[in-house]
Amino acid sequence: MTRELIPTDRPPEPAGRKVADFRPSLVLGEHSLCPGCGEPVALRILLETLQELDLVRKSIGVVGHGCYGSFVRIMDVEVLQCLHGRAPSCATGIKRMRPDVGVFTLQGDGDMVNEGLQEVIHTAARGENVTCILLNNGVFGDTGGQQTATTVLGQRTKTSIEGRDARQHGHPIAVADIVASLDGVAYVARGAVGTAGSVMRTKKMIRTAFEAQLAGEGFSLVEILTMCPTGWFVGAPQGPDYMAEAMERVYPLGDLRSRPLRRGDD
């Protein structure tokens, strides 16, 4: 059987046409991040969740510093930007003054785990009724791809060209697992955006986290593994596979804490 080749040197006949607008209405423009980056996917499902929960006009986001910081220009929700790593503390103040709104942070691993580890841990330990979203790609993407506290062993970065070595650089910090062990925490989960299935599961995690906040159950955290082909020294098409092979083995996906746990619980 002869297989007909589809020519790619000219437009198809008839020419392609746009049949639907798949951009969420809360995204006001194009992002400027690298090809293959997973953070725009994470932003999309976060904004879709806010719409589905009718929180668009009743939510305030706090962002730190990183590549995703450019999202403040294209996301049509109330957002403020704070000092590196301090988003959970800012979210705490906002929520205590405005308990009627949904408050969330959007942070990278360099921002949350390197610069602000104490902030997220103390916010969780106090049981602050806020939701933190961690975008974890294992590099400081905004400043050139340096190693972070979540970089996995063997991963190459601009400051660990031969791969992260435990004797020289220490071991990666699984912040979601630490937070999940604390009293005052209502929900902790780890998702990813490397496949269509993982995107849908991660979106459900984000929704559950906000539902816990709306119910007044306490602190919630969703860690999202995101692709960074530029920082990983791989091609954009190889990003999802690299993330699955290198990162998901160290940071298993799933719910880590699904209900409030108090001292004395069985």
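Quick notes on this one:
- Carbon and sulfur %, accessible surface of the chain computed with the full protein complex present, 1.4 Å: 53
- Hz values of 3J(HN,Hα) by residue in segment 30-39 - Karplus curve (6.51, -1.76, 1.60), Gly and Pro given as x: 7, 7, 10, 7, 5, x, x, 5, x, 5
- For Kirkwood radius over Cα pairs in Å, the value calculated from this model appears in [x] 19.2; [y] 19.8; [z] 22.2 under label [x].
- Rolling a 1.4 Å probe across the protein heavy atoms gives the chain an accessible surface of 50 Å² per residue.
- Each residue of segment 117-131 was assigned a 3J(HN,Hα) from its phi angle through the Karplus expression (A = 6.51, B = -1.76, C = 1.60, θ = phi - 60°), giving 4, 5, 5, 5, 5, 5, 5, 5, 5, 6, x, 4, 7, 10, 10 Hz with x at Gly and Pro.
- Helix-derived mean residue ellipticity, 222 nm - over the chain, DSSP H n ≥ 4, -39500 (n - 2.57), to 500: -7500 deg cm²/dmol
- Dipole magnitude of segment 103-198 about its Cα centre (Cβ charges: Lys, Arg +1; Asp, Glu -1), debye to nearest 20: 260
- J(HN,Hα) series, segment 101-109, from Karplus relation 6.51 cos²θ - 1.76 cosθ + 1.60, nearest Hz, glycine and proline x: 10, x, 10, 9, 10, 10, 9, x, 5
- Put simply, the amide H of T105, placed in the peptide plane, has neighbours under 5 Å in V62, T131, C132, I133, leaving out anything fewer than 5 places away on its chain.
- With at most 12 neighbouring Cβ atoms within 10 Å, loop trypsin sites (Lys or Arg not before Pro) (DSSP) excluded, longest segment of the chain: 19-248
- Global geometry of segment 114-237, whether rounded, prolate or oblate, following the gyration tensor of its Cα atoms and the 1.5 cut on a/c: oblate
The values are calculated or read from the model by the stated rules, or taken from the named source; none is laboratory data. Here the structure is a predicted model, which means the values were calculated and not measured. Methodologically, a virtual Cβ is constructed for each residue, glycine included, from the backbone with ideal geometry; neighbour enumeration extends over all protein chains shown. Heavy atoms of the whole protein, side chains included, go into the accessibility calculation; ligands, DNA and RNA do not. Shrake-Rupley method; radii C 1.70, N 1.55, O 1.52, S 1.80 Å.
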